[in-house]
1. Just the ratio, please: alpha-carbon radius of gyration of the stretch B:128-168 over 2.2 N^0.38 Å, N its number of residues.
2. Per residue, how much accessible area does the stretch A:374-483 show when a 1.4 Å probe rolls over the protein heavy atoms, in square angstrom?
3. How many nm separate the modelled label positions at B:SER164 and B:ALA255, each set 7 Å beyond the Cα in the direction of the Cβ?
4. Can you tell me the relative contact order of chain B? Whole percent, Cα pairs under 8 Å, sequence separation 6 or more.
5. Rounded to the nearest Å, what's the spacing between the alpha carbon centres of the stretch B:78-95 and the stretch B:374-436? Just the number, please.
6. Just how many % of Cα pairs in the stretch B:214-292 lie over 17 Å apart, if you round to the nearest whole percent?
7. Is there a quick way to get the dipole size of the protein assembly as shown? I mean about its Cα centre, with the Cβ of Lys and Arg at +1 and of Asp and Glu at -1; what is the value in debye to the nearest 20?
8. For chain B, divide the Cα radius of gyration by the Kirkwood radius and give the resulting Rg/Rh value with two decimals.
Number of protein chains: 2
Amino acid sequence: MDIEQFRKAGYQAIDRICDYYYSLQGKPVASQVEPGYLRKALPPSVPTVGEDFQVIADDYQKLILPGLTHWQHPSFFAYFPTACTFEGILGELYATSASNPGFNWSASPACTELEAIVTDWAAKLLGLDAAFYNSSEVGGGVVQTTASDSVLVAVVAARARYLSQHPEVSMEELVIYTTTQTHSLGKKAGLVLGLSVRALEVSFQDNFGLRGEALRKALEEDGAVGRKPFVLIATVGSTSSGAVDYLEEIGQAVASYPFLWLHVDAAWAGVSMACPEYREPCQLTAVNKYADSFCTNFHKWGLINFDSSFMWVRQRQNLINALDITPEFLRTKHGDAGTVIDYRNWHLGLGRRFRSLKAWFVLRSYGVEGFQKYIRDTVKHNEAFAKLISESAQFALVVPPFLALTVFRLEPRSLPKDKLNELNRAFYSRLSARSDIALTQTDLNGTFCIRLAVGAARTTEEDITRAYAIMCDEAAVTLKEWDESS
Amino acid sequence: MDIEQFRKAGYQAIDRICDYYYSLQGKPVASQVEPGYLRKALPPSVPTVGEDFQVIADDYQKLILPGLTHWQHPSFFAYFPTACTFEGILGELYATSASNPGFNWSASPACTELEAIVTDWAAKLLGLDAAFYNSSEVGGGVVQTTASDSVLVAVVAARARYLSQHPEVSMEELVIYTTTQTHSLGKKAGLVLGLSVRALEVSFQDNFGLRGEALRKALEEDGAVGRKPFVLIATVGSTSSGAVDYLEEIGQAVASYPFLWLHVDAAWAGVSMACPEYREPCQLTAVNKYADSFCTNFHKWGLINFDSSFMWVRQRQNLINALDITPEFLRTKHGDAGTVIDYRNWHLGLGRRFRSLKAWFVLRSYGVEGFQKYIRDTVKHNEAFAKLISESAQFALVVPPFLALTVFRLEPRSLPKDKLNELNRAFYSRLSARSDIALTQTDLNGTFCIRLAVGAARTTEEDITRAYAIMCDEAAVTLKEWDESS
């Protein structure tokens with residue numbers, strides 16, 4: 001494809017993306033294809049002779065689009081908010097047009113410098129302490145791929161710090177602390193690193209947030225039997241139910257354990273701190289006082305296209321001590337002089353995409369006020385949904401709604417408590433069979449629940465009303481079937 | 001930004017990318033900015049009110065472009081081949097336009113299915129054994145971010161397999177084998193996972209490839225002192241010098257060590273196996289016989305934009321055993337039934353980009369013949385450069401050229417051997433100060449050398465001739481200065 005052919009195909013791509021967004025609302029939210037649909041449709045190998053790009057582009061429309069679940073659909077309420085924006089798309093387009101694996105400053109200075117600047121911008125936007133700014137030259141921010149990636153980096157740095165102070169400790173004695181509500185990234189970090197994970201118990205009464213006392217007790221128990229907890233993965237806004245650990249209590253509890261690294265995962269909820277009124281529910285003060293590292297995914301509720309996981313550390317040296325390798329072929333004048341950040345030592349891999357560009361586009365285009373408005377609108381939509389649920393006679397909130405997330409279930413007064421899980425599984429099964437809405441399920445200490453997460457940039461009040469109407473319709477059918485079968 | 005504003009900004013982006021490629025040849029290859037240039041140019045925080053996108057797009061041209069090192073410049077010969085294509089750009093554009101973190105099949109069926117198909121296509125293209133195809137339902141392929149990521153996944157799977165068979169072994173006893181020429185990703189895997197790394201010695205006589213005998217000896221030595229090697233990261237085409245480990249010998253040596261996982265990292269060289277004539281130099285037969293996992297980065301020499309690291313395993317169950325976690329909120333009907341691949345269990349994170357789309361675009365658009373032609377042209381260019389070097393009286397090849405890579409240095413007959421490193425550092429220092437060419441340095445067992453890696457899709461015979469002329473000019477000045485100062 002030459003430059004003029006690219007221009008033509010590029011315009012067409014832009015036009016087709018416009019068509020996609022014009023028609024999005026009318027599409028099924030979740031893909032309706034069956035497993036194996038695409039293998040049946042495609043030849044078994046690369047064609048011998050290259051094909052015309054128009055044929056390929058048409059196949060995207062014909063074969064790929066129907067196989068997508070539309071995370072940007074206004075009625076996509078599954079998993080977590082994921083707001084993809086046009087500015088983010090354009091940022092990704094420019095970034096990929098001059099492919100730059102900016103592992104060193106000199107491999108592409110703009111990649112490194114913009115990432116350092118944009119993570120500082122975001123830190124200020126969220127109210128993070130200046131200790132986390134790159135401009136502090138002590139702490140700093142970096143854009144990772146996902147919150148799993150961020151947590152892995154944090155745990156690796158924590159382990160290196162701990163073992164450098166306790167060289168006699170063996171890997172088998174080390175323990176990663178999570179809670180039973182921590183995202184699976186906690187357990188996965190344990191699997192990847194081959195380390196034990198202890199999931200501390202949390203309770204319904206505390207809205208599934210970890211209390212300082214529970215942590216203190218665990219530290220004492222483990223201390224008594226020679227296990228070495230070295231990192232706590234705390235959460236602000238769990239995926240399952242929006243649980244927030246009690247960070248101030250946790251901070252006090254770990255004061256006498258200076259080698260317990262506190263990583264705060266605020267993957268979806270953290271960006272709400274752009275609005276001053278959500279800083280207290282997200283425990284910003286305690287994050288600023290106690291966190292060794294903090295992560296929030298702008299690719300979730302932050303209007304930036306996947307992937308864009310922002311991670312900050314209080315001491316960049318902990319990352320570099322844990323991850324720096326500089327073979328001869330990666331040495332550079334500025335790197336050797338220490339005058340620049342070499343981000344390869346701040347993450348697991350070597351090459352990295354120019355992820356900060358789309359962040360820069362989005363943050364500038366929205367501005368603080370535009371970003372805040374989007375967050376506030378989402379919270380308002382979720383509150384509206386939660387209000388409908390809480391005022392209904394047949395539904396009940398399982399935990400208080402948190403920012404963009406409502407966890408609820410069907411709780412008709414006529415049914416005994418011990419039947420409710422079964423009823424709600426039947427209810428959820430009906431919901432998940434629908435093509436015009438997407439939600440997800442969860443389990444809270446044995447209680448089967450349904451999650452509704454608002455966040456697609458196109459969701460309006462009307463979509464919320466419609467979602468509630470669907471709940472009511474499906475609840476009616478579920479209850480009717482239940483009555484008939486019992 | 002509404003849909004029509006996006007259309008306008010999108011057309012402009014396409015036009016500007018066209019301008020970029022029309023003007024690329026005239027740009028300095030390496031960015032000429034000084035550290036800190038961008039922080040000086042940008043405000044310290046997100047603007048309060050959103051800005052017009054035109055201003056932002058213009059700032060990209062004014063502030064970002066000059067800070068890029070142009071990896072697609074025809075005179076970019078640094079690091080490794082990185083060929084970004086228009087088809088790849090379009091693939092990334094479509095992929096990001098409907099952001100889909102396809103961690104589960106149902107999170108976006110097309111993402112999973114296309115990845116499984118495209119990795120099968122690529123496996124066939126390269127001549128990999130059918131055991132590595134997803135269609136085998138035993139082995140399979142996955143697209144990771146980078147070769148570092150692929151190696152981490154391989155080592156984690158290898159460790160899990162080893163420890164499941166040897167539960168009595170402690171992490172401190174485990175050893176990762178690399179060679180002294182393995183990419184830094186080997187050492188980094190050790191750092192990340194907290195495991196020992198033993199870099200086996202390789203020699204100049206063997207062109208820095210690992211011999212079976214050296215491996216056998218190391219296994220015996222470690223066995224005698226109770227260390228437990230569990231994975232060997234072998235290389236086909238080292239970054240430094242294009243070294244190829246002797247995989248047939250290695251395969252025979254490990255026959256009596258069934259728990260030593262053989263990972264073959266062919267990050268930049270592997271894609272050349274699309275041409276039958278390069279399969280033997282890349283040791284395809286031995287890869288097919290012995291490798292537990294194999295990786296090649298199509299984002300290097302494979303015409304697909306970063307990131308696109310293809311990894312295949314002989315036993316997918318080893319990945320799943322090592323990495324599967326399925327909390328309630330990630331459970332799905334098809335996942336539970338085991339009828340689909342859930343790629344979240346094949347990599348370190350959870351969310352993933354729709355990376356296979358650009359691969360599909362590129363492979364279809366080039367076809368087998370177009371892909372082969374590109375690879376052969378690159379090799380031809382590199383051979384032309386290597387021929388000029390080897391026929392010159394003042395330059396010498398340090399090792400035989402390998403595919404797209406030449407490692408050489410200045411070796412005037414007049415100078416004693418022990419002065420050559422110093423001379424070549426001075427020579428390289430002159431080269432790296434130039435803005436019209438980019439190369440990198442390396443060190444081979446104490447010999448300082450210069451690397452020229454061909455691969456940018458726009459490099460022609462003429463660029464090679466020019467590169468050689470630059471070598472001659474700078475060599476002349478370097479030698480003159482050397483004579484004057486001694």
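1. This ratio for the stretch B:128-168 stands at 1.40.
2. 41
3. Placing both labels 7 Å along Cα→Cβ, they lie 2.6 nm apart.
4. Relative contact order, chain B: 22 percent.
5. Their Cα centres are 28 Å away from one another.
6. When every Cα pair of the stretch B:214-292 is considered, 46 percent fall beyond 17 Å.
7. With only Lys, Arg, Asp and Glu charged at Cβ, the dipole is about 100 debye.
8. That ratio is 0.99, to two decimals.
The values are calculated or read from the model by the stated rules, or taken from the named source; none is laboratory data. All values reported here derive from a predicted model rather than from experimental measurement. Heads up, the Cβs are rebuilt from the backbone with ideal geometry, glycines too, and the neighbour counts pull from every protein chain shown. Only protein heavy atoms, including side chains, enter the accessible area calculation; ligands, DNA and RNA are left aside. Shrake-Rupley method; radii C 1.70, N 1.55, O 1.52, S 1.80 Å.
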